[in-house]
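Taking it in order: structure first as structure tokens, then the write-up.
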Amino acid sequence: MINNDLISIITPFKNSSKYIEDCITSILKQTIKNWELIIVDDYSTDNSFDIVKRMSLKDDRIKLYKNNGNNGIIETLRIGLNKSVGNYITRMDSDDLMITIKLEELYLNLKEKGKGFVSTSCVKYFSKKGIGKGYKNYEDWLNELMINKSNFKDIYKECVIPSPNWMIHREDLMNSDAFNSNIYPEDYDLVFRFYKNNIKIVSSVKKLHLWRDYSNRTSRVDSNYADNHFLDLKIKYFLELNYDNRKELVIWGAGKKGKLLAKKLSEQNIRYSWVCNNPNKIGKQIYNNQILNVDYLNRLNNFQSVITVASKDSQKLIKDFFSSKNLICMKDYYFFC
């Protein structure tokens with residue numbers, strides 16, 4: 001039976017013995033007490049299970065299960081959801097930490113908005129060795145989205161809701177197909193399904209989640225989280241949700257990502273034109289498409305553009321170009337990086 005006031009925290013873990021006790025301790029310290037921790041062992045080979053079992057004997061809100069099939073994180077999440085009984089669902093990673101007010105803040109924001117929303121917040125990376133530039137840039141970018149309340153406007157750039165830092169009504173999660181998809185990266189795929197189902201975002205500007213970085217973190221070492229999987233996901237949802245085949249599709253950018261996008265569109269027999277600013281590439285034929293000068297866009301009246309240019313300065317100029325033509329982001333043009 002579903003408990004309408006209960007928060008279910010779903011936490012998969014695998015070989016997390018270094019960090020899992022600190023993670024659970026941060027949950028135990030939460031200012032709100034109406035939670036259950038559904039924590040599922042994804043075939044660990046260290047003593048993670050024993051650590052969690054010891055802690056579960058001291059607090060019956062910690063409910064420990066096993067994924068004996070060694071089928072990975074998606075199946076582990078499914079087990080966790082099936083075992084949970086809370087009306088409010090959230091995720092947590094076993095190597096991260098919660099600020100003491102995290103659950104309360106996400107819960108109150110979601111409760112105020114009601115169904116049709118997902119609650120999230122700003123985040124902070126931490127590491128004993130210090131945070132690299134890439135992760136720091138991602139943290140800053142995410143937090144800027146939260147502050148500006150503009151997450152879905154950048155959904156084709158990168159995952160706009162941190163995977164261990166959201167809360168949603170069970171009904172909305174189920175309507176978004178929960179963890180039933182087998183597509184990786186599973187967190188990004190779920191966020192696209194929130195977008196698809198018109199789930200709106202309510203974001204806190206507080207840094208409620210502490211995201212641990214270390215050399216063998218899953219997102220660093222698992223091939224399911226490689227860049228090419230991200231692009232596959234973007235293309236899938238763009239073609240499903242935003243692509244208008246009545247308009248000419250134009251790729252802007254002929255760098256590494258632009259070429260990979262062109263290749264994947266060609267493999268799916270999607271017709272496109274291709275422009276860039278680089279004089280060394282203009283006029284070249286790649287995948288049977290000639291790369292044109294961006295002035296080509298001035299001759300078009302009905303088109304959509306996908307931009308693969310990563311430079312912030314260049315992106316600003318590109319935005320100014322489209323604004324001068326009264327074209328709208330996420331309707332007429334989309335940034336893929």
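The values are calculated or read from the model by the stated rules, or taken from the named source; none is laboratory data. Note that this is a predicted model, so its numbers are computed, not measured. We place every Cβ from the backbone using ideal geometry, glycine too, and count neighbours over all the protein chains shown.
Summary table
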quantity: Residues of segment 63-72 classified as over 17 Å from Ile27 (Cβ atoms) and modelled with pLDDT of 95 or more, total; calculated: 1
quantity: So Asp41, is it in contact (Cβ under 8 Å) with a residue 24 or more places away in the chain and within 25 Å of Tyr184 (Cβ to Cβ); calculated: yes
quantity: Answer from Asn278, Asn298 - the residue that is outside the structural domain of Met98 (by TED's automatic domain parsing) and either among the small types (Gly, Ala, Ser) or modelled with pLDDT of 95 or more (or both); calculated: Asn298
quantity: Per-region count, segment 131-153, residues buried (at least 19 other Cβ atoms within 10 Å of the Cβ) and more than 11 Å from the chain's Cα centre (by Cα); calculated: 3
quantity: Inter-residue pairs, beta-carbon under 8 Å, first over 21 Å from Leu239 (Cα atoms) and in segment 310-334, second in a helix (DSSP H, G or I) and not polar (S, T, N, Q), 6+ apart; calculated: Ala310/Lys257; Phe321/Val294; Phe321/Leu297
quantity: Residue count for segment 173-185, restricted to those that are buried (at least 19 other Cβ atoms within 10 Å of the Cβ) and part of a helix (DSSP H, G or I); calculated: 1
quantity: Residue that is β-branched (Val, Ile, Thr), surrounded by 14 or more Cβ atoms within 10 Å (Cβ to Cβ) and within 10 Å of the chain's Cα centre (by Cα), where the choices are Ile161, Ile168; calculated: Ile161
quantity: Enumerated helices (runs of 4 or more DSSP H) restricted to segment 1-119, each holding at least 2 residues that are among the polar types (S, T, N, Q); calculated: 20-28, 48-56, 73-83
quantity: Elements of type helices (runs of 4 or more DSSP H) contained in segment 219-337, each with 2 or more residues being small (Gly, Ala, Ser); calculated: 256-267, 312-324
quantity: Residue ID - farthest from Leu97 (Cα to Cα), chosen from residues in segment 130-157 that are at pLDDT below 95 and in a loop (DSSP other than H, G, I, E, B); calculated: Ser150
